[in-house]
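A quick write-up on the structure given underneath.
The values are calculated or read from the model by the stated rules, or taken from the named source; none is laboratory data. Quantities reported herein were computed from a predicted structural model and do not represent experimental measurements. Note that we place each Cβ from the backbone using ideal geometry, even for glycine, and neighbour counts take in every protein chain shown. Just so you know, the surface numbers come from the protein's heavy atoms only, side chains and all, with ligands and any DNA or RNA stripped out. Shrake-Rupley method; radii C 1.70, N 1.55, O 1.52, S 1.80 Å.
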Amino acid sequence: MKSMLFAAGLGTRLRPLTNDRPKAMVQVKGKPLLQWAIEKLIASGCEEMIINVHHYAEMIIDFLRVKNNFGIDIEISDETEKILETGGGLKKAQHFFRGDAPFIICNVDILSNIDLIKFYEHHLATNALATLAIRNRSTSRYLLFDPKNRLVGWKNEKSGEIKSHLRHDQINDPSIKKLAFSGMHVLSPQIFEFMSNEDKFSIIDVYLRAMKNNLIAGYPHDQDFWLDVGKPESLKIAEQSD
């Protein structure tokens, strides 16, 4: 199995911790977030990985060298000149995902005990173009799903903006669920056919473009532990968690 770790973020919410290091090298229980993520992916069967870098990129590269890439094949996707966001970052790494096998993408600042093997197998069973881990939690931007957990739209709670191929009455039907994305997804390589010609864009925009004629599936995992450790208050919770 192949995977990608998004580790190029500036970590602005974690300042001043990220004033002298990348977010991926911020520690929880004496271990960098990068290591937590890599070890979880390896335990789930990942043998090849690509990691995008930007902010203090050399610290990540040096850490991987010291750790001998944790015994697997790890490639660096260099975004030091320009950070490309999630969609652009994946597009730059397209060469890494040659072939037909689906792959996993995770944000480096997410801690979760989600079973990535079951997540991956669910994707294979549904033949989806993409499968997104989702939860029932508060956020300012929701993904909208129909009763069969098929992505049908996106909503910005603050501005009221909605993006969907459904009619107004359909998208406001009580059966449509507002759920939050967990920063973990399984993708089939065909996703690259829906990429923008631009070099910097969000992967969510790709899903919204593809969902009309392709299955972008939701994978609810409310039973799992999940924590976005991209902010100081969450780091404190992570230190106290089991």
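Here are some notes:
- Residue separation of His168 and Ile237 scaled by 0.36 nm, minus their Cα-Cα distance, works out to 20.9 nm of gained length.
- Contour minus Cα-Cα distance for Gln190 and Lys158 (0.36 nm per residue): 8.2 nm
- Reduced Cα scattering model of region 137-206, Debye log10 I(q)/I(0), q = 0.17 Å⁻¹: -0.73
- Arg15 paired with Glu81, simple spin-label distance in nm, labels 7 Å along Cα-to-beta-carbon: 2.6
- Computed lengthening from Asp62 to Lys31, 0.36 nm per intervening residue step minus Cα-Cα distance: 9.6 nm
- Here the dipole of region 65-106 is about 60 debye; that uses its Cα centre as origin and unit charges on the Cβ of Lys and Arg (positive) and Asp and Glu (negative).
- Those lysines that a straight Cα-Cα span of less than 18 Å connects to Lys40, excepting residues fewer than 8 apart in one chain: Lys2, Lys23, Lys29, Lys31, Lys67, Lys118
- Solvent exposure of region 61-172, expressed per residue, is 54 Å² of accessible area, with all protein chains present and a 1.4 angstrom probe.
- Principal-axis tilt of helix 116-126 within the chain, Cα atoms, nearest 10 degrees: 30
- Modelled FRET efficiency - R0 45 Å, Asp224 with Asn197, Cβ distances, 0.05 increments: 0.75
- For the chain, the C-alpha radius of gyration sits at 0.99 times the compact-globule guess of 2.2 N^0.38 Å, with N the residue count.
- Total charge dipole magnitude, region 203-242, about the Cα centre, Cβ charges on Lys, Arg, Asp, Glu only, Debye to nearest 20: 340
- Relative contact order of the chain, defined on C-alpha pairs under 8 angstrom at six or more residues apart (%): 25
- Rounded Å value of the spacing that divides the Cα centres of region 150-226 and region 99-114: 17
- The chain, accessible surface, carbon-and-sulfur percent (1.4 angstrom probe): 46
- Placing +1 on each Lys and Arg Cβ and -1 on each Asp and Glu Cβ, with no other charges, gives the chain a dipole about its Cα centre of roughly 600 debye.
- Accessible area (Å², 1.4 Å probe, nearest 10) - Tyr56: 100
- Interchain or long-range residues, amide H under 5 Å from Glu48's placed H: Ser3
- Between helix 33-43 and the chain: long-axis angle, C-alpha atoms, 0 to 90°, nearest 10: 70
- Expressed as a fraction of 2.2 N^0.38 Å, the value expected for a compact globular protein of N residues, the C-alpha radius of gyration of region 106-242 is 1.08.
- Across the options Gly153, Gly9, Val53, the greatest Cα extent toward the positive end of the charge dipole of the chain (unit charges at beta carbon of Lys, Arg, Asp, Glu) belongs to Gly153.
- Look at the dipole of the chain built from charges on Cβ: of Gly87, Phe192, Asn213, the Cα furthest out on the positive end belongs to Asn213.
- The reciprocal of the average 1/r between distinct C-alpha atoms defines the Kirkwood hydrodynamic radius, which for region 171-228 equals 13.7 Å.
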